[in-house]
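Peer 1: Got a structure here, written out as structure tokens. Questions coming.
The values are calculated or read from the model by the stated rules, or taken from the named source; none is laboratory data. These numbers were taken from a predicted model, which means no experiment stands behind them. Ideal geometry is used to build each Cβ from the backbone, glycine not excepted, and the neighbour counts take in all protein chains shown. To get the accessible areas, we keep the full protein, side chains included, count just its heavy atoms, and leave off ligands, DNA and RNA. Shrake-Rupley method; radii C 1.70, N 1.55, O 1.52, S 1.80 Å.
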Amino acid sequence: MSERYTITVEGSGSADCGAGERVLVALERAQGFGRLKNMPCRLPVGCRRGGCGICRARVIEGDYRRDVMSRAHVTSDDEADGVVLACAIYPLGDLTLRLEPKRLGKNGRMAEMSQGGK
Amino acid sequence: MAHTGVLRPGFIQLRVLDMPAAVEHYTKRIGLHQVTEGPDGRVYLKAADEFDHHSIVLRRADTAGYDLMAFKVREESDLDSFEKRIVEWGYPVDHVAAGEQPGIGRRIGWMLESGHRIELYHHADQSEPKPRIHNPDVWDLEPHGMRARRFDHALLYGPNIQRNLEFFEKVLDFSCAERVDMPDGLLAIWLTASMKAHDIAFVNHPEPGKFHHAAFDLESWMDVGHAADILTRYDISVDIGPTRHGITRGQTIYFFDPSGNRNEVFAGGYSYYPDNPTRTWDAENVGKGIFYYERQLNDAFLSVVT
Ligand code: FES
Ligand SMILES: [Fe+2]
């Protein structure tokens, strides 16, 4: 049995997450079991692979390992601030996080437009 | 010759975050073959049932999403006549030299008002593997993975799709096979240059240049089931399906590549003739139009794009 950690979503509840497991996937399972009782809506889930940005969150406390994430959704400043895509991090201990979905029209989100090219 | 002008989607170029993971996904899982890797690191892929050089181009970048999609035209001279019509319509056209992508001749390109770059080209070298043409077997090389037969179509998200509709119909001679109209306006269009139910589709979306999915043609509903087995076996992220679209009637699964770009495997769909009327869907029935069995949109359909 691999190491297991507790992921707390501020104000919503908590989830049990394996060391090699994507945090977002653990949260999906927890919501399925009714363990994110106070979450007012369905957990935002998209690609689960760090590309679409829908699972953007801020880690308030705890260590984690990260996969590559789209810079359209997490800039290097964001990254230094603990902003992550929850689907692209794996816990190294207990974690506390806050969901921080970006809204349309905010700067970072439009940044990828210039990447179009050929 | 009945089919002139734009023939079909030739290739699509997508941005990926991790090239080795992307290549493994598109070759081992979807069942494509790597043709070559260019000097700039772009990787060129094809299905074994396609003759032309490549149909998928992967470019390593720090964001996922769509670079461009290119349609093949029947004659070299079509490039000049379409360029004239596109410029007359009011879009500036640029030129990409032959060889910018290996095996592909000169291309013309322009930007749609939805923020997507589209290109046309005529020449493509053929590459291996490809179907034999004399006493051919059903396949020369045994299909693997999801057994994709070709790159089939793409769905793109952006603003001004009413303008895309007019442009594709009036300038590129496409037809609109189906459309969704909401009380506040046009939501989506399915456009075809061929007898396929769609070659490209657009959904109205505030952010320009977004990518919803690239679809691969499978032979049958059985192969869609086989693809679903592969998705679970290799823990590939699934969006929805296996299910069916009311629109086009295709049998389908939506899932994601390792960079979060959505893929579709697609089987069936009706044959479209250019004299067929446009099929229309309204707000009350759009759920059934998109996902025929669920009869409602999932949360991700309108919000999750790269
Ligand atoms: S779900 Fe797409 S980036 Fe996390
Ligand atoms: Fe599709």
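Peer 1: Do we find a residue being within 14 Å of chain A (Cβ to nearest Cβ), of a type outside the set (Gly, Ala, Ser) and over 14 Å from residue B:217 (Cα atoms) anywhere in region B:277-296?
Peer 2: Taking every residue of region B:277-296 in turn, at least one turns out to be within 14 Å of chain A (Cβ to nearest Cβ), of a type outside the set (Gly, Ala, Ser) and over 14 Å from residue B:217 (Cα atoms).
Peer 1: Among the residues of region B:193-238 satisfying the criterion of being surrounded by fewer than 21 Cβ atoms within 10 Å (Cβ to Cβ) and acidic (Asp, Glu), which is nearest to the other protein chains (Cβ to nearest Cβ)?
Peer 2: If we take residues in region B:193-238 being surrounded by fewer than 21 Cβ atoms within 10 Å (Cβ to Cβ) and acidic (Asp, Glu), then B:207 is nearest to the other protein chains (Cβ to nearest Cβ).
Peer 1: Residues that are in contact (Cβ under 8 Å) with a residue 40 or more places away in the chain: list the strands (runs of 3 or more DSSP E) wholly contained in region B:201-300 that include at least 3 such residues.
Peer 2: Passing ranges, in order: B:210-217, B:238-244, B:262-268, B:279-282.
Peer 1: Test residue B:148 against the stated conditions and say whether it is open to solvent by less than 20 Å² (accessible area, probe 1.4 Å) and either farther than 25 Å from residue B:287 by Cα or out of contact with any strand residue (DSSP E or B) (no Cβ under 7 Å at 6 or more places or on another chain) (or both).
Peer 2: yes
Peer 1: Can you name the strands (runs of 3 or more DSSP E) wholly within region B:42-94 that have at least 3 residues being at pLDDT 95 or above and farther than 30 Å from residue A:74 by Cβ?
Peer 2: B:65-73
Peer 1: Working carefully through the options B:242, B:277, B:258, find the one that is open to solvent by 50 Å² or more (accessible area, probe 1.4 Å) and in contact with a helix residue (DSSP H, G or I) (Cβ under 7 Å, 6 or more places away or on another chain).
Peer 2: Every option except B:242 fails the conditions.
Peer 1: Checking the condition of a type in the set (Asp, Glu), within 14 Å of chain B (Cβ to nearest Cβ) and more than 16 Å from ligand 2 (Cβ to nearest atom), which residue from A:10, A:79, A:61, A:3 passes?
Peer 2: Step by step, each of A:10, A:79, A:61, A:3 is checked, and only A:79 is of a type in the set (Asp, Glu), within 14 Å of chain B (Cβ to nearest Cβ) and more than 16 Å from ligand 2 (Cβ to nearest atom).
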